[in-house]
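Working notes, structure below.
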Amino acid sequence: MGLDQAWFGPGTWVYDETYPFYHSSSCSAVDPQFNCQLYGRPDTEYLKYRWKPANCEIPRFNGLEFLLKMKGKTVMFVGDSLGRDQWESLICMISADVPKSQTQMSRLYPISTFKFLDYGVALSYHKAPYLVDIDTIQGKRVLKLDDVRGNANAWTGVDVLVFNTGHWWTHKGPLQGWDNVESGGTMYEDMEPLEAMEKGLRTWARWVDANIDSSRTRLFFQGISPTHYDPNEWNAGASTGSCYGETSPVTTTTMTSMYPGPDLDQTNVIKNVIREMDNPPFLLDITLLSTMRKDAHPSIYSGDLNSQQRINPNKPDCSHWCLPGLPDTWNQLFYTVLFY
């Protein structure tokens with residue numbers, strides 16, 4: 001294992017009083033959905049954990065250094081709301097180190113951008129949860145597994161691209177983001193999620209290989225972000241529960257030796273596609289270290305829930321992550337790979 005991959009595990013979460021890097025009350029970029037302290041989360045220990053790889057140390061994040069090294073450049077996170085989670089985290093981490101810097105924020109659909117005007121640095125989030133395109137045809141949302149050109153218009157000329165996809169491929173019912181799937185010129189009403197994900201990713205990979213100049217653009221792919229809806233994954237024999245009420249990371253090795261099932265399947269698809277690319281992105285393989293953080297989700301402390309839902313532990317958000325929180329570690333690793 002090279003040093004750059006050693007940063008991602010194995011390792012442990014160490015309590016560190018110098019954390020967090022910032023407070024949500026002082027960073028306007030944090031969405032209500034991720035602002036757990038504002039929406040009543042009573043504990044704060046989850047804010048204080050630092051990732052310690054087994055065989056090396058991660059340099060501490062320095063927002064000013066990030067801006068100076070990226071002067072005049074653009075960074076874009078492309079994917080689903082886990083990419084948005086990471087984008088907002090990076091804005092807050094940098095802002096905490098340059099509190100007097102002139103900034104500008106535009107939240108638009110599908111692309112939102114935050115600019116550090118004194119340094120000419122722009123951080124963007126492009127909502128494209130499947131990476132490939134979705135078109136509306138005769139009133140139906142069609143997921144086009146063979147076409148990425150619509151979304152990809154936004155990716156040309158960007159200096160650093162961070163892609164992610166995963167959760168939306170498994171959504172069913174009202175959460176499903178499409179009505180039909182088009183592949184190979186044929187329209188389907190349904191498709192096995194992993195098969196669809198692999199077809200879509202191969203389309204994305206072909207576009208990257210044909211259109212991205214790796215000497216000009218740094219490419220990253222964010223690993224699968226785990227969910228914590230099944231307490232049996234960290235507490236054998238649990239009869240009920242979710243991430244609700246969890247206040248500390250997993251420290252035993254039960255979860256650190258393997259990914260939970262669905263995450264492993266999607267991770268294998270991503271790794272297989274990347275392995276065959278001519279111009280592969282660096283895989284930010286955050287799945288394992290994130291799997292240990294059953295304590296770091298919004299649970300019921302999310303601004304996306306109404307007041308009734310916030311007093312009902314039966315429907316917690318065990319998918320996204322509180323800010324400050326775990327995505328700050330993702331960005332510390334992103335920063336390390338980018339500059340070290």
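The values are calculated or read from the model by the stated rules, or taken from the named source; none is laboratory data. What you are looking at is a predicted structure, and each value in this text was computed from that prediction instead of being measured. Cβ sites come from the backbone with ideal geometry, for glycine too, and all protein chains shown count toward neighbours. Note: areas computed on protein heavy atoms with side chains; ligands, DNA, RNA excluded. Shrake-Rupley method; radii C 1.70, N 1.55, O 1.52, S 1.80 Å.
For the range 170-176, in order, what is each residue's ³J(HN,Hα) by Karplus, 6.51 cos²θ - 1.76 cosθ + 1.60 with θ = phi - 60°, in whole Hz (x at glycine and Pro)?
Using θ = phi - 60°, the values come out as 9, 5, 10, x, x, 7, 5 Hz.
Lysines within cross-link reach of Lys172: Cα-Cα under 29 Å, excluding same-chain residues under 8 positions apart?
Lys127, Lys140, Lys144, Lys199, Lys271, Lys294, Lys315
Between the DSSP loop rule and a limit of at most 12 other Cβ atoms within 10 Å, which GluC sites (Glu not before Pro) in the range 157-245 are left? Each step should come with its number before you reach the end.
Working: sites: Glu182, Glu189, Glu195, Glu198, Glu233; in loops: Glu189.
Loop-located and lightly packed - Glu189.
Ignoring any ligand, DNA or RNA, what whole percent of the accessible area of the range 3-339 comes from carbon and sulfur when the probe is 1.4 angstrom? Don't skip to the end; give the middle numbers.
Numbers: 7200 of 14600 Å².
The value for the range 3-339 is 49 percent carbon and sulfur by accessible area.
Through the Karplus equation 6.51 cos²θ - 1.76 cosθ + 1.60, θ set to phi - 60°, convert the phi angles of the range 144-155 into ³J(HN,Hα) values in whole Hz; use x for Gly and Pro.
Residue by residue, the range 144-155 yields 9, 5, 9, 9, 10, 5, x, 5, 5, 3, 7, 9 Hz.
What net charge do the residues around Ser225 carry, taking every other residue with its C-beta under 12 Å from that of Ser225, with Lys and Arg at +1 and Asp and Glu at -1? Provide the component values of the computation, followed by the final result.
Working: positive: Arg84, Arg293; negative: Asp80, Asp85, Asp263, Asp285.
Surrounding charge for Ser225 is -2.
How much mean residue ellipticity at 222 nm does the chain get from its helices, if each DSSP H run of length 4 or more adds -39500 (n - 2.57) and you divide by all residues, to the nearest 500 deg cm²/dmol? Write out the running numbers ahead of the final one.
Details: 8 runs with 85 residues, N = 340.
Helix-only estimate at 222 nm: -7500 deg cm²/dmol.
Roughly speaking, what is the stretch gain from Ile137 to Asp209, that is 0.36 nm per residue apart minus the C-alpha to C-alpha distance, in nm to one decimal? Mind dumping the intermediate values first?
Numbers: separation 72, 0.36 × 72 = 25.92 nm, distance 2.87 nm.
Here the segment from Ile137 to Asp209 would lengthen by 23.0 nm.
Would you compute the Debye intensity of the range 3-339 from its alpha-carbon atoms alone, equal scatterers and no solvent, and pass along log10 I(q)/I(0) at q = 0.10, 0.15 Å⁻¹ to two decimals?
-0.58, -1.40
If I model a spin label as a point 7 Å beyond the Cα along the Cα-Cβ vector, how far apart are those points for Gln176 and Arg275 in nm?
According to this spin-label approximation, the distance is 3.1 nm.
Mind putting a number on the dipole of the chain about its Cα centre? Charges go on the C-beta only, +1 for Lys and Arg and -1 for Asp and Glu, and I need it in Debye to the nearest 20.
On the way: 29 positive and 39 negative charges, 159 e Å.
Dipole of the chain, to the nearest 20 debye: 760 debye.
What does the charge add up to near Gln104, with Lys and Arg as +1, Asp and Glu as -1, over the other residues with Cβ less than 14 Å from its Cβ?
So the environment of Gln104 carries a net charge of +1.
If you project the alpha carbons of the range 12-77 onto their three principal axes, what span does each projection cover, largest first, in Å?
40, 34, 20
Just the accessible area per residue of the range 87-234, please: how many Å² with a 1.4 Å probe? Walk me through the numbers before you get to the answer.
Numbers: 6780 Å² over 148 residues.
Normalised by residue count, the accessible surface of the range 87-234 is 46 Å².
Would you list, by chain and number, the aspartates and glutamates whose Cα falls below 14 Å from the Cα of Lys48, excluding same-chain residues fewer than 8 positions away?
Here the aspartates and glutamates satisfying the reach criterion relative to Lys48 are Asp16, Glu17, Asp295, Asp328.
Quick one: if you stick a label point 7 Å off each Cα along the C-beta vector at Leu68 and Ala154, how many nm between them?
Here the modelled spin labels are 3.2 nm apart.
If each residue of separation counts as 0.36 nm, what is the full-extension length gain between Tyr109 and His23 once their alpha-carbon separation is subtracted?
Values: separation 86, 0.36 × 86 = 30.96 nm, distance 2.65 nm.
Difference between extended and current length: 28.3 nm.
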